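Note sheet for the following structure.
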Amino acid sequence: MLYLMKFTDAPPIAYTESMRTGHLMDDPALVRECQTAYDLALSDACHTQIHWPWRGP
């Protein structure tokens, strides 16, 4: 699980969570990396969902 959090009065942070562990990242480079990975995954998921020719409308 990935949580990307933005605040009006503080820099953004990312929190990753898996079975029995979690990691809070406040390094701007790591947060940008997480945001980029999320954006790419979302873009791929949306593209795949829209262009499946065997699925109905």
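Restricting segment 44-53 to residues that are open to solvent by less than 100 Å² (accessible area, probe 1.4 Å) and part of a helix (DSSP H, G or I), the residue that is modelled with the highest pLDDT is 44.
Taking every residue in segment 1-22 that is farther than 12 Å from residue 38 by Cβ and outside any loop (DSSP other than H, G, I, E, B) and pairing it with any residue that is among the small types (Gly, Ala, Ser) and open to solvent by 100 Å² or more (accessible area, probe 1.4 Å), at least 6 positions away or on another chain, yields no pair with a Cβ-Cβ distance below 8 Å.
What number of residues in segment 23-38 are open to solvent by less than 100 Å² (accessible area, probe 1.4 Å), touching a strand residue (DSSP E or B) at 6+ places or on another chain (Cβ under 7 Å) and assigned to a loop (DSSP other than H, G, I, E, B)? Within segment 23-38, residues that are open to solvent by less than 100 Å² (accessible area, probe 1.4 Å), touching a strand residue (DSSP E or B) at 6+ places or on another chain (Cβ under 7 Å) and assigned to a loop (DSSP other than H, G, I, E, B) number 0. Checking residue 41 against (1) open to solvent by 70 Å² or more (accessible area, probe 1.4 Å); (2) at pLDDT 80 or above, which test does it fail? For residue 41, the exception is condition (1).
Out of 1, 19, one residue alone is open to solvent by 100 Å² or more (accessible area, probe 1.4 Å), in contact with a strand residue (DSSP E or B) (Cβ under 6 Å, 6 or more places away or on another chain) and modelled with pLDDT under 95. It is 1.
The values are calculated or read from the model by the stated rules, or taken from the named source; none is laboratory data. Note that this is a predicted model, so its numbers are computed, not measured. Here Cβ is always computed from backbone atoms with ideal geometry, including for glycine, and neighbour counts include all displayed protein chains. Areas reflect the complete protein model, heavy atoms only, side chains present, ligands, DNA and RNA absent. Shrake-Rupley method; radii C 1.70, N 1.55, O 1.52, S 1.80 Å.
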